[in-house]
Amino acid sequence: METAPVSAKDSHLVSGQSSEEGRISNRFDLPTWFYQFGILLQRSLKERKQESFNTLRVFQVITAAILAGLMWWHSDYRDIEDRLGLLFFISIFWGVLPSFNAVFAFPQERAIFMKERASGMYTLSSYFMARIIGDLPMELILPTVFLVVTYWMAGLKPDLVTFLLTLLVLLSYVLISQGLGLALGALIMDAKQASTIVTVTMLAFVLTGGYYVHKVPSCMAWIKYASTTYYSYKLFVNVQYGDGNRVSSLLGCSHHRSNTVSCKFIDQDIAGQIRPELSVGILILMFVGYRLLAYLALRRI
């Protein structure tokens with residue numbers, strides 16, 4: 001390849017044209033943004049369709065749902081500890097799986113993302129929103145199938161409104177866990193390191209989730225209030241049992257609360273729960289905050 005000498009005047013003209021084009025390309029054009037968003041959304045849906053509904057992942061979810069349904073087959077309402085165990089198992093399974101899958105999203109796309117952004121193919125906001133919106137149908141179908149199978153096999157509260165509220169809590173929890181994985185992946189941008197960090201984080205959230213240990217040491221108590229598992233588990237329990245007065249009267253716990261295991265679980269896990277409105281508000285903040293953190297982390301690339 002030959003290089004021709006460029007005069008100072010020509011180089012000034014070229015640099016002036018480049019800077020002018022840069023200023024034009026940096027202007028926010030709404031139709032252009034929606035065009036970029038539409039193209040990126042189509043690409044994201046095609047890619048995520050193969051990833052989310054591959055045979056192994058569908059087999060994993062369906063098998064877990066059937067096993068849980070068989071383990072808690074038509075559980076009796078008197079077995080409070082068993083049903084609380086099922087609710088916490090759902091919190092564990094759908095906290096770890098979405099976050100662990102999402103943590104690989106941005107590190108795996110880093111090379112092509114940097115190449116396309118360097119060539120000015122699209123804005124960061126259009127790419128990020130296409131990724132977030134494209135994940136919604138892919139991430140929410142399998143949890144819905146899981147709950148439909150497990151809920152009715154386990155014989156949880158046979159009420160349509162209760163089932164729909166449980167499904168709403170589960171889908172919200174899945175999106176929040178996915179946001180946590182996206183944020184950690186965007187911050188670290190190394191698949192192996194990010195997977196290790198998200199594993200340790202979810203382990204801490206599970207241990208302080210409110211089922212294994214009730215009297216958390218003061219030095220570890222702050223993790224409980226940052227735990228997505230803690231708030232989702234409390235909402236699951238609240239949807240099933242409310243404040244616990246009805247099930248407590250059915251079991252006769254007002255007379256011998258401290259003499260039976262079920263009454264102890266009512267006293268420790270159901271009665272005196274954190275207000276559901278507060279749990280919902282904190283989960284909404286987590287949903288927005290994790291995705292905002294991921295977006296800000298991508299801006300520094």
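The values are calculated or read from the model by the stated rules, or taken from the named source; none is laboratory data. Every value quoted in this text rests on a predicted model; they were computed, and no experiment measured them. Heads up, the Cβs are rebuilt from the backbone with ideal geometry, glycines too, and the neighbour counts pull from every protein chain shown. The area values use the complete protein model at the heavy-atom level, side chains included, leaving out ligands, DNA and RNA. Shrake-Rupley method; radii C 1.70, N 1.55, O 1.52, S 1.80 Å.
Here are the numbers for the structure shown:
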item: Any pair with Cβ under 6 angstrom, 6 or more apart, that starts in the range 128-139 at a residue that is more than 16 Å from Ala183 (Cβ to Cβ) and ends at one that is of a type in the set (S, T, N, Q) and assigned to a helix (DSSP H, G or I); result: Ala130/Ser44; Gly134/Ser44; Met138/Ser52
item: From the options Ile92, Ile62, Ile39, Ile66, residue that is within 21 Å of the chain's Cα centre (by Cα) and farther than 19 Å from Gln178 by Cβ; result: Ile62
item: Qualifying residue in the range 194-209 (condition: open to solvent by less than 60 Å² (accessible area, probe 1.4 Å) and not in a helix (DSSP H, G or I)); result: yes
item: The range 95-111: number of residues that are over 11 Å from the mean Cα position of the chain (by Cα) and under 24 Å from Pro137 (Cα atoms); result: 7
item: Condition broken by Asp76, with the remaining ones in (1) under 18 Å from Val148 (Cα atoms); (2) outside any helix (DSSP H, G or I) satisfied; result: (1)
item: Tally of residues being surrounded by 10 or more Cβ atoms within 10 Å (Cβ to Cβ), in contact with a Ser or Thr (Cβ under 9 Å, 6 or more places away or on another chain) and modelled with pLDDT under 80 across the range 27-62; result: 0
item: Which numbered condition Gly120 fails, given (1) open to solvent by less than 20 Å² (accessible area, probe 1.4 Å); (2) at positive phi; result: (1)
item: Residue in the range 82-93 that is hydroxyl-bearing (Ser, Thr, Tyr) and at pLDDT 90 or above present; result: yes
item: Criterion: more than 21 Å from Thr199 (Cα to Cα), crowded, with 17+ Cβ neighbours inside 10 Å and either out of contact with any Lys or Arg (no Cβ under 7 Å at 6 or more places or on another chain) or of a type outside the set (S, T, N, Q) (or both) - qualifying residue of Leu136, Leu86, Leu97; result: Leu86
item: Hits in the range 210-244 - residues which are under 24 Å from Trp152 (Cα atoms), of a type outside the set (Ser, Thr, Tyr) and in a helix (DSSP H, G or I); result: Lys234, Leu235, Phe236, Val237, Asn238, Val239, Gln240
item: Residues of the range 158-193 that turn out to be in contact with a Pro (Cβ under 9 Å, 6 or more places away or on another chain), farther than 15 Å from Thr228 by Cβ and open to solvent by less than 10 Å² (accessible area, probe 1.4 Å), as a count; result: 2
item: Test: Tyr122 is closer than 26 Å to Asp190 by Cβ, in a loop (DSSP other than H, G, I, E, B), touching a residue at least 60 places away in the same chain (Cβ under 8 Å) and not small (Gly, Ala, Ser); result: yes
